[in-house]
Amino acid sequence: MEQQQKAPSRTVKRKPHEPNKCKVIVLNDDYTTFEFVVRMLVEIFFMETSDAESATETIDREGSAVVGTYPRDIAESKAAAGIAMARAEHFPLRITTEDA
């Protein structure tokens, strides 16, 4: 009786791919206070106070600033959390994300 030989199984190793990176951008407005933006950056983006103040000055002076680059899901979560925090205090702050 003849036995059939099975071809050796081949496993394909895939390199783990880097998740798509996304920039989080805070936009300036005429109503949201400087102090609130600093606090939001410290609490949600875990910035040091001095870095948050510097970023807020850039937002005020230039109209917007990138406050971090994260994998897409984290960027969108942080943006949503910042917007929710702003709305809870009745500020119209806008935070967007875009591909890095």
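The values are calculated or read from the model by the stated rules, or taken from the named source; none is laboratory data. Here the structure is a predicted model, which means the values were calculated and not measured. We place every Cβ from the backbone using ideal geometry, glycine too, and count neighbours over all the protein chains shown. SASA here: full protein model, heavy atoms, side chains in, ligands and nucleic acids out. Shrake-Rupley method; radii C 1.70, N 1.55, O 1.52, S 1.80 Å.
Mind counting the residues in region 36-53 that are in contact with a Ser or Thr (Cβ under 8 Å, 6 or more places away or on another chain) and without any contact (Cβ under 8 Å) to a residue 24 or more places away in the chain?
Summing the residues that are in contact with a Ser or Thr (Cβ under 8 Å, 6 or more places away or on another chain) and without any contact (Cβ under 8 Å) to a residue 24 or more places away in the chain in region 36-53 gives 2.
Which members of region 54-100 meet the condition of being crowded, with 18+ Cβ neighbours inside 10 Å, closer than 16 Å to VAL38 by Cβ and either in contact with an Asp or Glu (Cβ under 8 Å, 6 or more places away or on another chain) or without any contact (Cβ under 8 Å) to a residue 60 or more places away in the chain (or both)?
ALA55, THR56, ILE59, ALA65, VAL67, GLY68, LYS78, GLY82, ALA86, LEU93
Report, by residue number, each residue of region 31-53 that is over 15 Å from PHE91 (Cα atoms) and open to solvent by 60 Å² or more (accessible area, probe 1.4 Å).
Scanning region 31-53 gives GLU43, PHE46, GLU48, THR49, SER50, ASP51, GLU53.
Out of all the residues in region 14-30, which are open to solvent by less than 90 Å² (accessible area, probe 1.4 Å) and either among the aliphatic types (A, V, I, L, M) or within 20 Å of PHE91 (Cβ to Cβ) (or both)?
Hits for region 14-30 are VAL24, ILE25, VAL26, LEU27, ASN28, ASP29.
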